[in-house]
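The values are calculated or read from the model by the stated rules, or taken from the named source; none is laboratory data. Here the structure is a predicted model, which means the values were calculated and not measured. Cβ placement follows ideal geometry from the backbone for every residue including glycine, while neighbour counts extend to all protein chains displayed. These area figures cover heavy atoms from the full protein model, side chains too; ligands, DNA and RNA do not enter into them. Shrake-Rupley method; radii C 1.70, N 1.55, O 1.52, S 1.80 Å.
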Amino acid sequence: MEDQINKVNRRKFLKTAGVATAGTLLINPLSSLKAGSKKKRLAMVGTGVRGISMWGKHVIKDYNDKVEFVGLCDINPGRVETGKKYMGVNCPTFTNFEEMVEKTKPDTIIVTTVDSTHDEFIVKGMEVGCDIITEKPLTTDEVKCQNILDTERKTGKNVIVTFNYRYSPHRAKIKELLMQERIGRVTSVDFHWYLDIYHGAAYFRRWHRLRSKGGTLLVHKSTHHFDLLNWWLDSEPAEVFAFGDLEFYGKNHEFRHTHCRPCPHKEKCQFFWDITKNEHYMKLYVANEKYDGYLRDGCVWKEDIDIYDKMAATIKYANNVQISYSLTTYSPYEGYRIAFNGDKGRLEAWIHERQPWKMENYDEIRVTDNFGDTDLIQIPHGGGGHGGGDTRLKDKIFKDPNMEDPLRQAAGTRDGAFSILIGVAARKSIDTGKPVKIASLTDLKPQAIRPK
Ligand SMILES: NC(=O)c1ccc[n+]([C@@H]2O[C@H](COP(=O)([O-])OP(=O)(O)OC[C@H]3O[C@@H](n4cnc5c(N)ncnc54)[C@H](O)[C@@H]3O)[C@@H](O)[C@H]2O)c1
């Protein structure tokens, strides 16, 4: 019997994923970035590694005929100059956001600062008539979130939240299979994400380690995962109950120092990270420490770390789907397991993003029918960041904002809000020991089916 259930009856190797599903209504929060002859005037605030590469150098390289940078801003005067050089632009630089906006009159502002400051630039930008492209998370708490929602309604400007995870080929394939009701009606989901001892540790080295800056990893990191759930399920979260604790990093260690370079324990510390081997980081961060004291190679054992390193949450959706979610931050390998349980079968995947052993060049989704067989669907890895997802996301924003969006991958403030509100609710639940209703956080009312 077991053999029969596990029997693999056919293998599919898809050349492309995210195949268009006809007839889906488009929601297009990008509509104000219309493809036109005039170049869009872009200004960026936050010239760290994310801003100047994904939203800087790469945008100039690939969309030079569509956009131009008119200003760059960062509180660190050295980093904004280094960023400008790296991007190869000759626009003016600023350390004051208002001055940049006043002098350069951008159409669109790209927000790539520390998470807890996103709201300030999103709100101020819209108030002076700009559209916004913001990195995730939209913001870090419910008050800031409400302020963003109110300002968007008041000004009628557009906010794009760049959820690049939605665009990777295997995730788009999962979305397509769920839209086709391949396993019937989904009733519950098991979703477990593992950050490894390199990537996971990186969050404990710098500002992400502080709740006041990144809102804990339940917001900073899990916003990606919660957004995927909201998008895959096409529903909005209603209630959250969570546990979380800090048991590995931070105070849980016998020795520590300020940062790795001068550390007297470097010989014996398995988490020693030698930033001097990374020329780009040396120029962007280390050379500019003198301005703000930002240590990119901070100690993962610092006692001021106040975020959780293990988290578990139960989420109930407005359509009654239940989620069992967890995030681990010191795993030997990186990736996630997901399983959607439906009334006709089960769809599951065990995705390895990094592992010590040889990686396959495809991701595999397993679909098993109740009383039936198993299909293994293999999706080749796309080239480029996040399996080619980063390029697809940017094409939609800069090349053709009116591009069809059958899987509804484009995201605006409502998506940005619901993804962070799960994390905010989880945080509150951990603090109080009680379940938290999402509707109690802002004026957004979770809908069983995501509004178009
Ligand atoms: N979507 C993704 O996969 C992804 C990946 C990495 C980072 N990110 C997001 O991108 C953003 C930037 O991340 P990063 O790794 O480049 O961080 P970073 O710390 O390297 O860069 C942030 C920059 O913002 C500047 N800054 C901070 N406060 C500011 C303020 N008030 N005014 C002006 N500048 C200010 C800092 O000086 C720094 O240069 C974060 O919001 C992060 O969550 C998203």
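Looking across 308, 294, 336, one residue alone is in contact (Cβ under 8 Å) with a residue 40 or more places away in the chain, touching a Gly at 6+ places or on another chain (Cβ under 6 Å) and hydroxyl-bearing (Ser, Thr, Tyr). It is 308.
Which count do you get for residues in region 103-124 that are acidic (Asp, Glu), within 12 Å of the ligand (Cβ to nearest atom) and either open to solvent by 20 Å² or more (accessible area, probe 1.4 Å) or out of contact with any helix residue (DSSP H, G or I) (no Cβ under 6 Å at 6 or more places or on another chain) (or both)?
Summing the residues that are acidic (Asp, Glu), within 12 Å of the ligand (Cβ to nearest atom) and either open to solvent by 20 Å² or more (accessible area, probe 1.4 Å) or out of contact with any helix residue (DSSP H, G or I) (no Cβ under 6 Å at 6 or more places or on another chain) (or both) in region 103-124 gives 2.
Filtering region 428-452 to residues that are in contact (Cβ under 8 Å) with a residue 40 or more places away in the chain and among the polar types (S, T, N, Q) leaves 429, 442, 447. For region 264-290, the candidate set comprises residues that are open to solvent by 70 Å² or more (accessible area, probe 1.4 Å), within 28 Å of the chain's Cα centre (by Cα) and under 24 Å from residue 82 (Cα atoms); within that set, the residue that is nearest to the ligand (Cβ to nearest atom) is 283.
Residues are listed down the side, and each one gets a yes or a no for (1) of a type in the set (Lys, Arg); (2) surrounded by 15 or more Cβ atoms within 10 Å (Cβ to Cβ); (3) closer than 15 Å to residue 229 by Cβ:
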residue: 318; (1), (2), (3): no, yes, yes
residue: 338; (1), (2), (3): no, yes, yes
residue: 345; (1), (2), (3): no, yes, no
residue: 384; (1), (2), (3): no, no, no
residue: 400; (1), (2), (3): no, no, no
residue: 403; (1), (2), (3): no, yes, no
residue: 408; (1), (2), (3): yes, yes, yes
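In region 80-87, the condition of being within 12 Å of the ligand (Cβ to nearest atom), surrounded by 11 or more Cβ atoms within 10 Å (Cβ to Cβ) and either at pLDDT below 95 or of a type in the set (D, E, K, R) (or both) is met by at least one residue. Pairs are defined by a Cβ separation below 6 Å, a sequence spacing of at least 6 or placement on different chains, a first member in region 44-59 that is at positive phi and modelled with pLDDT of 95 or more, and a second member that is within 6 Å of the ligand (Cβ to nearest atom) and of a type in the set (Ser, Thr, Tyr); the pairs so defined are 46/112; 46/113. Just a yes or no: is a residue in region 226-244 within 13 Å of the ligand (Cβ to nearest atom) and under 30 Å from residue 452 (Cβ atoms)? Yes. Within region 166-189, none of the residues are more than 27 Å from residue 343 (Cα to Cα) and either modelled with pLDDT of 95 or more or not hydroxyl-bearing (Ser, Thr, Tyr) (or both). Here residue 93 meets the list (1) over 20 Å from residue 427 (Cβ atoms); (2) in contact with a His (Cβ under 8 Å, 6 or more places away or on another chain); (3) not acidic (Asp, Glu) almost entirely, failing just condition (2).
The condition (being open to solvent by 10 Å² or more (accessible area, probe 1.4 Å), touching a residue at least 24 places away in the same chain (Cβ under 8 Å) and within 16 Å of the ligand (Cβ to nearest atom)) is satisfied by just one residue among 209, 256, 261: 209. Listed by position, the strands (runs of 3 or more DSSP E) inside region 251-367 whose residues that are among the β-branched types (Val, Ile, Thr) number at least 3 are 322-331.
Here 135, 127, 98 are screened, and the one residue that is open to solvent by 40 Å² or more (accessible area, probe 1.4 Å) and within 12 Å of the ligand (Cβ to nearest atom) is 98.
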